[in-house]
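What follows is one structure encoded as structure tokens, with my remarks underneath.
FYI, it's all coordinate maths here, none of it is from the lab. Model, not experiment: these values are computed from the prediction. With ideal geometry, Cβ positions are generated from the backbone for all residues, glycine too; neighbour counts draw on all protein chains shown.
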Amino acid sequence: METTLIILKPDALQRGLMGRIISRFEDKGLQVVGAKLMTISQELAGRHYESHEGKPFYDGLVSFMTSSPVLVLALRGIDAITISRGMMGATFGSKADPGTIRGDFGVSNSFNLIHGSDSPEAAERELGLFFAEGELQEWTRAIEGWVYDCSGDTPE
Ligand code: IDP
Ligand code: MG
């Protein structure tokens with residue numbers, strides 16, 4: 001099982017899209033193991049996006065991400081990182097395919113609704129930035145045995 005860090009960005013909250021976006025992940029079968037409504041500080045935005053420092057869009061990105069509250073989620077599942085990146089769609093709303101979150105809900109290239117970790121290393125680092133020890137909930141869903149085939153040694 002993999003856990004990934006998702007952020008519903010300020011535009012998703014301002015536009016009232018939180019529930020519809022979370023529903024997509026729940027419908028798919030990913031498990032919510034962490035959730036936090038917060039306003040990101042400049043310092044945290046800088047650490048989260050440190051690999052983009054110096055790029056032309058960096059200042060605008062930090063200012064956008066700190067401008068109003070976000071919903072931070074930790075989602076768990078087999079291949080949760082790749083699955084959720086696929087569900088998010090391409091970075092730019094104008095290019096993202098229909099059927100994806102960015103493709104269905106937005107047209108902007110900078111207000112693109114959602115962040116998702118892009119590798120296991122990034123997920124570990126980003127989960128550590130947003131969730132303290134013990135904040136992720138280890139829980140078994142009542143539906144687990146119907147989301148995955150659990151008849152063998154590992155869920156499939
Ligand atoms: P990703 O979010 O799809 O992983 P990244 O390339 O990692 O995309 O960029 C991080 C974020 O920076 C994007 O989600 C978007 O909000 C913003 N961004 C990236 N490129 C541009 C750009 O060319 N103009 C404006 N914002 C950008
Ligand atoms: Mg990225």
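Structure notes:
- The Stokes-Einstein estimate for the chain, based on a Kirkwood radius over Cα pairs and taken at 37 °C with 0.692 mPa s viscosity, is a diffusion coefficient of 203 µm²/s.
- Considering only alpha-carbon pairs that sit under 8 angstrom and 6 or more positions apart, the relative contact order computed for the chain is 32 percent.
- Protection-proxy order for peptides 138-151, 56-69, 76-89, each taking the mean of Cβ atoms within 10 Å per residue, highest first: 76-89, 56-69, 138-151
- In order along segment 28-43, the Karplus-derived 3J(HN,Hα) couplings, from 6.51 cos²θ - 1.76 cosθ + 1.60 at θ = phi - 60°, round to 5, x, 6, 9, 7, 10, x, 7, 8, 8, 7, 9, 6, 7, 4, 5 Hz, and Gly and Pro are given as x.
- FRET efficiency, SER41 to GLU135 (Cβ-Cβ, R0 22 Å, nearest 0.05): 0.80
- For segment 98-156, the spherically averaged projection of the C-alpha convex hull amounts to 6.9 nm².
- Euclidean distance between Cα centres, segment 129-156 to segment 1-73, Å: 22 Å
- MRE, 222 nm, helices only [DSSP H, n ≥ 4, -39500 (n - 2.57), over the chain, to nearest 500]: -10000 deg cm²/dmol
- Computed from label points 7 Å out along Cα-Cβ, the spacing between MET18 and GLU53 is 3.1 nm.
- Amide H partners (placed H, <5 Å) of VAL33, local residues excluded: ALA74, LEU75, ARG76
- Across segment 48-69, the residues whose backbone nitrogen lies under 15 Å from the label position 7 Å along the beta-carbon direction of GLU121 are 50-52.
- Between 0 and 90°, nearest 10: helix 120-130 axis offset from the chain longest Cα axis: 70 degrees
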